[in-house]
Amino acid sequence: MKLIFAIINDEDVRAVSEALIENELTSTRLSSTGSFLKAGNTTLLICLEDEKVDTAIELIKSHCKRRKQLLPSSHIGGAFSTYPVEITLGGATVFVTDVERFEKF
């Protein structure tokens, strides 16, 4: 068994969750916040059989979009400048780990 930790932008999490459900893959949602931009994310915990990992990752990848956004530079560490800086948001960060033991009560 494997455990996937998928950190997903809040704008994409609904589409990912619905795709997982349609493919009979269950997940647990945790609210999370990125440390750099303090932006809202959701971390999905997905426990599944080894042979379903690639399917889950493809579903996550196909429903998470990277997007450009302009932010004042003061939001990303600039001391006094408010000139806008283009940043890339979205996508997903995915970790896959082995599960030594799994029980469901």
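The values are calculated or read from the model by the stated rules, or taken from the named source; none is laboratory data. Since the model is a prediction, treat every value here as computed from it, not as a measurement. For neighbour counting, all protein chains shown are included, and Cβ atoms are generated from backbone atoms with ideal geometry for every residue, glycine included.
Pick from region 5-20 the residues that are under 13 Å from Leu45 (Cα atoms) and surrounded by fewer than 21 Cβ atoms within 10 Å (Cβ to Cβ): which of them is nearest to the chain's Cα centre (by Cα)?
Residue satisfying both the conditions and the ranking: Ile7.
Identify all residues within region 11-34 that are assigned to a helix (DSSP H, G or I) and not hydrophobic (A, V, I, L, M, F, W, C); write none if there are none.
Passing the criteria: Arg14, Ser17, Glu18, Glu22.
Say we look at region 58-82 and pick out the residues that are at pLDDT below 75 and surrounded by 13 or more Cβ atoms within 10 Å (Cβ to Cβ); which of these is nearest to Glu11 (Cα to Cα)?
The selected residue is Gln69.
Just to be sure before I move on: is Thr26 surrounded by fewer than 20 Cβ atoms within 10 Å (Cβ to Cβ), of a type in the set (Ser, Thr, Tyr), over 15 Å from Thr93 (Cα atoms) and at pLDDT below 95 in the structure I sent?
yes
Any chance region 35-57 includes a residue that's at pLDDT 70 or above, buried (at least 16 other Cβ atoms within 10 Å of the Cβ), in contact with a Cys (Cβ under 6 Å, 6 or more places away or on another chain) and not in a loop (DSSP other than H, G, I, E, B)?
No, region 35-57 contains no residue that is at pLDDT 70 or above, buried (at least 16 other Cβ atoms within 10 Å of the Cβ), in contact with a Cys (Cβ under 6 Å, 6 or more places away or on another chain) and not in a loop (DSSP other than H, G, I, E, B).
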